[in-house]
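Take a look at the structure below.
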Amino acid sequence: MNFEDFQNQARLYVIGALEPDELEQFETARKEFGSKGEGFINECYALHEAFALSLKPAKSSAALKEKLMSMIKDRKHQSH
């Protein structure tokens, strides 16, 4: 898998849309690309979270907001 293919797969990975066989290939490539690959995955997570935050739910829910903020904090702690 070249890096362009990895980038395309990473976008699907962060939203949980990879099939089991694709996930296995992605994890192998992830190890091969090392920190460059991890950096791109982190960028995808950041964009994914920003997109999710930009959406307005049909009904506002304090619990939903709390869950989303918790996910963001967890991701920040994982990347540092």
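What number of residues within the stretch 64-80 are open to solvent by less than 70 Å² (accessible area, probe 1.4 Å) and at pLDDT 75 or above?
Count: 3.
Does the stretch 35-55 contain at least one residue that is outside any helix (DSSP H, G or I) and at pLDDT below 85? Within the stretch 35-55, one or more residues are outside any helix (DSSP H, G or I) and at pLDDT below 85.
Hey, can you tell me all the residues within the stretch 1-32 that are of a type in the set (S, T, N, Q) and either open to solvent by less than 50 Å² (accessible area, probe 1.4 Å) or closer than 11 Å to C44 by Cβ (or both)?
Initially, the stretch 1-32 is screened for residues of a type in the set (S, T, N, Q), giving 2, 7-9, 25, 28.
Matches in the stretch 1-32: Q7, N8, Q9.
The values are calculated or read from the model by the stated rules, or taken from the named source; none is laboratory data. Just so you know, these numbers come straight off a predicted model, no measurement behind them. Glycine also receives a Cβ, built like all others from the backbone with ideal geometry; neighbour counts cover every protein chain displayed. For accessibility, only protein heavy atoms count, side chains too; no ligands or nucleic acids. Shrake-Rupley method; radii C 1.70, N 1.55, O 1.52, S 1.80 Å.
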